[in-house]
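A quick write-up on the structure given underneath.
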Amino acid sequence: MENSKLYFFYGCMGSAKTLKLLTTAYNFEENAIPFVVLKPSIDTRDGVGLVVSRIGLQRECIMISKEDNIYTAIDTYIKTYGDLDWILIDECQFLTEEQVNELAHIVDDLNISVMCFGLRTDFQSKSFIGSKRLFELADTIEEVKSRCSCGKKASINARFNSDKGIVLSGDQILVGGNDLYKPLCRKCWSKLVNNTSSK
């Protein structure tokens, strides 16, 4: 594929990133454009081998672990199933730095375009490793916007415990959905953090 690129579409949880991936995949399928969908194996919320949007649409995918070399996997895929024009990756924040490097090599050496969809930051507003590297390497970066309950643009994936209290510490990766996370603007998030810290 001429003019192949590495794309990064980022946004908070609930911003319809996965829906964008699924509608893109549907469009490719309708137009007989060869593609494959990948997803890090750490995310098994919706089962293994599935990409599922919050509105219920889903598609089968290939799961990749942190140990997988994506370049080698794609090279093997092409030799087995034929040429690819596009690779679509859900939850790309969970990729390793080296795997993002491999995606860049896929774009540059194999002339396959790669679309990555994922979060920019975690519940403490700190970058995920995969997302940080994508900001450094991607040819095209686009925010998929969503709104905080106050109406402002959401920018932080706030984590909450079972008592609905905001969580300020813990492991960076804790896979969950609306039961654990809520997209907030920085102002609303800071207010909750300050209120909790002052108690």
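Give the cross-link partners of Lys39 among the lysines, using a straight C-alpha distance below 16 Å as the criterion and excluding same-chain residues fewer than 8 apart. Here the lysines satisfying the reach criterion relative to Lys39 are Lys17, Lys20, Lys66. For the chain, a simple Cβ point-charge model (Lys and Arg +1, Asp and Glu -1, everything else neutral) yields a dipole of about 1680 debye relative to the Cα centre. Looking at the chain, I'd like the Rg to Rh ratio, where Rg is from alpha-carbon atoms and Rh is Kirkwood's inverse mean 1/r. Rg/Rh for the chain comes to 0.99. Estimated purely from DSSP H runs of n ≥ 4, each contributing -39500 (n - 2.57), the mean residue ellipticity at 222 nm for the chain is -9500 deg cm²/dmol once divided by its residues. In terms of packing, defined here as the mean over residues of other Cβ atoms within 10 angstrom, the peptides 56-67, 15-26, 89-100 line up highest first as 89-100, 15-26, 56-67. Within the chain, DSSP assigns beta bridges of which about 35% are antiparallel (rounded to the nearest 5). For the range 8-97, what does the alpha-carbon gyration tensor say about shape, rounded, prolate or oblate, given a ≥ b ≥ c as the root eigenvalues, a/c under 1.5 as rounded, and a/b over b/c as prolate? It is oblate, given that a/c is not under 1.5 and a/b is not larger than b/c. Helix 186-197 and the longest principal axis of the Cα set of the chain meet at an angle near 50°. Under 13 Å from the Cβ of Ala32, count the other residues' Cβ atoms, weight Lys and Arg +1, Asp and Glu -1, and hand me the total. Local net charge: -4. Shape class of the range 76-143 from the Cα gyration tensor (axes a ≥ b ≥ c, square roots of the eigenvalues): prolate, since a/c reaches 1.5 or more and a/b is larger than b/c. In a simple Cβ point-charge model (Lys, Arg +1; Asp, Glu -1; nothing else charged), the range 1-112 has a dipole of about 500 debye relative to its Cα centre.
Starting from the Cα of Lys164, draw a straight line to each of the lysines and keep only those under 19 Å, dropping any in the same chain fewer than 8 residues away. The qualifying lysines are Lys182, Lys187, Lys191, Lys199.
None of the figures in this text is laboratory data; all of them are computed from the coordinates on show. Every value quoted in this text rests on a predicted model; they were computed, and no experiment measured them. So basically every Cβ, Gly included, is an ideal-geometry build from the backbone, and we count neighbours across all protein chains shown.
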